[in-house]
Amino acid sequence: MKIEMERITLRPFIKEDFEEYKKQISSRKPAQHQYDEGYIDLRGFTAEQFEEKMIRFNKWAEDDHIYVFAILRNEDQAILGHVDMLILQRDETQWASGGYALNNQFWGQGYGTESLRGLIRMAFEKLNLHRLEAQINLDNTASIKTAEKAGMAYECTRKKFIHENGEWTDHLIYVIYAD
C-alpha cells in the first residue's frame, strides 16, 4: 500500500529503512517547541529493534487497527518522518484519526502539508474510509496550519480529551470527509 505525491511517497516502513531512519532521526535539530522531540540519541538502537518495530506496525495494519507510513522524499529516498492512522470505527462510520510527524530539519518546506494530503488520499482511496480527523493541541499553531492547508476544517474542541503531562487536555478536532 503506497501513495505517490509530487515530491514524496508514503509507504509502510521496511527493515531496509533502518540506516536511513537512524540517520534522519539523529540529524534532527534541538527541539524547536514543546511538541517537537528534537534530537533523539539512537546510538543503542539496533537493526533488530527496528525490525521488531516493523513487525509490530505490520501486525497492526493486518488487524486494520493502526497504519504507519514512512514519508520518503522522491529525489533521494530520505525518510522525512512518518504519518499514521488509527482506525476508530469501521461499520457504518468508517472513521479514523490521522497523525503526522516530520523530522524538524525538513520543516518549512511544505513536506508536512504534502504528507497529510497523501495520508488523506490513503484514507479515502486505499482504506475506504469516510471520515479522517486530526486531534491537535490548542496551541500547536504549526499543526493547525498544516491541517488547514491540507484541506481539513475545524469541527470542534473536545474538552479534557487526551491525558498528557499528568492532566486531561482539550484538543481541537479538524476533519475531512471522503465526499
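The values are calculated or read from the model by the stated rules, or taken from the named source; none is laboratory data. These numbers come from a predicted model, not from an experiment. Quick note on the areas: whole protein, heavy atoms, side chains included, nothing else; ligands and nucleic acids left out. Shrake-Rupley method; radii C 1.70, N 1.55, O 1.52, S 1.80 Å.
Brief remarks on what is shown
- Relative to the current alpha-carbon distance between Lys59 and Ile40, full extension at 0.36 nm per residue lengthens the span by 4.3 nm.
- Heavy atoms of His163 accessible to a 1.4 Å probe, total area in Å² rounded to 10: 100
- The structure shown yields mean projected area of the Cα convex hull in nm², and of the options (1) 9.3; (2) 19.6; (3) 10.7 that calculated value carries the label (3).
- Bridge type composition, the chain - antiparallel percent by DSSP, nearest 5: 90
- Backbone geometry of the stretch 145-161 corresponds, through the Karplus equation with coefficients 6.51, -1.76 and 1.60 at θ = phi - 60°, to 3J(HN,Hα) couplings of 4, 4, 4, 5, 5, 7, x, 7, 10, 4, 10, 6, 10, 8, 7, 6, 8 Hz, x marking Gly and Pro.
- Whole-Hz ³J(HN,Hα) from phi, Karplus 6.51 cos²θ - 1.76 cosθ + 1.60, for the stretch 94-99, glycine and proline x: 6, 10, 9, 10, x, x
- Multiplying the residue separation of Ser27 and Met5 by 0.36 nm and subtracting their alpha-carbon distance yields 5.5 nm.
- Inter-part distance where the stretch 50-81 and the stretch 132-159 are each reduced to a Cα centre, Å: 23
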